[in-house]
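Encoded as structure tokens, the structure appears first; notes follow it.
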Amino acid sequence: MNPEVSPQAAFGARLRRSREARVWKQDELGERMGYSSTHISAVETSRKLPTLRFSRSADKAFGLEGTADTFERQWREIRHGSLLEGFPEFVGHEGRAVEIRLYEVGVMPGLLQTPEYAAVIAESAVKRGAITAEQASERIALVAERQAALVRRSPPLVFVMLDESCVRRPVGGRGVMSAQLDSLLEFAERPNTVLQVAPFDMGERRPLRLPITVLTLPDRALVSYAESAQHGHLERDNKFVLPMLTSYHQLQADAPSQAQSVDMINQLRKGTP
């Protein structure tokens with residue numbers, strides 16, 4: 001395999017080089033790692049994606065545990081290769097947050113996307129050449145993983161502010177948007193959620209111009225997350241986070257209530273066959 005073809009191919013090529021350097025056959029490495037020789041071959045030739053368990057087993061077999069250049073690190077680069085820098089760290093905080101406040105513009109936020117909506121967004125990125133098909137699959141899977149945190153045993157309080165463009169911009173055709181709007185209505189009915197839509201006519205009264213997420217962690221610490229075109233920025237300094245939280249509260253106070261927002265979505269839903 002040419003290791004320059006993809007991060008997955010580079011992982012497989014490195015696995016083969018490491019094995020051959022020790023003069024091990026595939027069944028010998030498989031025995032040390034707890035996998036079949038067929039599985040080892042499939043990873044080496046990039047026919048099968050490595051997993052976290054596989055990567056850690058490889059590190060143990062090759063004595064790389066605790067070093068800077070592990071197979072686990074390489075696996076994580078594959079796992080998050082299509083994500084903005086800073087986003088994986090944010091997702092880790094999001095998964096344990098006790099309160100989530102998010103404001104989104106233009107597209108449905110990942111925490112609220114249906115699988116079909118998420119697939120359309122990811123497939124569009126593939127068509128533009130921004131990511132590979134494998135990375136698209138990872139993005140879709142990550143959406144599902146993030147949403148699982150909303151239904152854990154002690155779920156977070158989730159406050160969602162959507163710019164009107166999120167619910168009016170068609171994505172994936174009428175069927176996908178119909179299901180997405182239905183999902184929004186179901187989200188609004190949960191006991192731990194608040195959903196509001198900031199209409200276009202709020203105009204200059206809107207204190208936030210760009211998407212933002214503010215998390216309250218279990219120790220009550222606050223962090224905020226925002227994105228540029230190429231980077232995600234996780235902010236922990238209250239000097240910068242608290243003004244964001246203040247603006248969010250101002251937006252909530254001035255926007256239509258959840259009941260009014262649900263009525264708006266229902267009206268849109270009726271116009272979506």
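The values are calculated or read from the model by the stated rules, or taken from the named source; none is laboratory data. Predicted model, so just to flag it, every value in this text is computed and none were measured. For neighbour counting, all protein chains shown are included, and Cβ atoms are generated from backbone atoms with ideal geometry for every residue, glycine included.
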Here are some residues: Q196, Q180. Which one is crowded, with 17+ Cβ neighbours inside 10 Å, within 25 Å of S124 (Cα to Cα) and at pLDDT 95 or above? Q180
Return the residues of the range 198-241 that are in contact with a helix residue (DSSP H, G or I) (Cβ under 7 Å, 6 or more places away or on another chain) and over 30 Å from V262 (Cβ atoms); say none if nothing qualifies. G232, L234, E235
Assuming R269 fulfils every condition listed in (1) at positive phi; (2) basic (K, R); (3) outside any loop (DSSP other than H, G, I, E, B) apart from one, which condition is it? (1)
If a residue must be free of Cβ contacts under 8 Å to residues at least 12 places away in the same chain and farther than 16 Å from L64 by Cβ, how many such residues does the range 40-54 contain? 3
Looking across the range 94-125 at residues that are outside any helix (DSSP H, G or I) and of a type in the set (V, I, T), the single one that is surrounded by the most Cβ atoms within 10 Å (Cβ to Cβ) is I100
Those residues of the range 133-175 which are more than 25 Å from D201 (Cα to Cα) and aromatic (F, W, Y), in sequence order: none
G66 fails exactly one of (1) under 23 Å from V223 (Cα atoms); (2) at pLDDT below 85, namely (1)
Please find, within the range 11-25, the residue that is surrounded by the fewest Cβ atoms within 10 Å (Cβ to Cβ) out of those that are under 18 Å from R56 (Cα atoms) and small (G, A, S). S18
